[in-house]
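> Here's a structure for you.
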Amino acid sequence: MHTRNDVLDVLKVNDAARLLGVKDATIRAWVLRRKIPYFRAGRCVRFKREWIERIIAEGTVPAREAR
């Protein structure tokens, strides 16, 4: 059985775009090029929140130390 948290952890295209700070069209282009993990629920494209959070974490560039 699915819990409420399971439902909240599934994102639509616009939710993923908002979290990544890009346009919906960018997310759709990444899906077509398979640059972002996704799954289909019927004809709808969906993302797991953890996948989007991992993209953010892996793309984070640490600040340089003060000299």
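The values are calculated or read from the model by the stated rules, or taken from the named source; none is laboratory data. Quantities reported herein were computed from a predicted structural model and do not represent experimental measurements. When we count neighbours, we look across all protein chains shown, and the Cβ atoms used for this are built from the backbone with ideal geometry, even at glycine.
> Within the stretch 24-50, can you find the residues that are surrounded by 13 or more Cβ atoms within 10 Å (Cβ to Cβ) and in a loop (DSSP other than H, G, I, E, B)?
Of everything in the stretch 24-50, those that are surrounded by 13 or more Cβ atoms within 10 Å (Cβ to Cβ) and in a loop (DSSP other than H, G, I, E, B) turn out to be Ile36, Pro37, Tyr38.
> Could you tell me how many of the residues in the stretch 39-67 are touching a residue at least 40 places away in the same chain (Cβ under 8 Å) and more than 21 Å from Lys12 (Cβ to Cβ)?
0
> Can you work out which of the residues in the stretch 51-65 that are exposed (fewer than 15 other Cβ atoms within 10 Å of the Cβ) and β-branched (Val, Ile, Thr) is farthest from Ala17 (Cα to Cα)?
Applying the filter and picking the extreme gives Val61.
> Checking Val7 against (1) assigned to a helix (DSSP H, G or I); (2) exposed (fewer than 10 other Cβ atoms within 10 Å of the Cβ); (3) modelled with pLDDT of 95 or more, which test does it fail?
(3)
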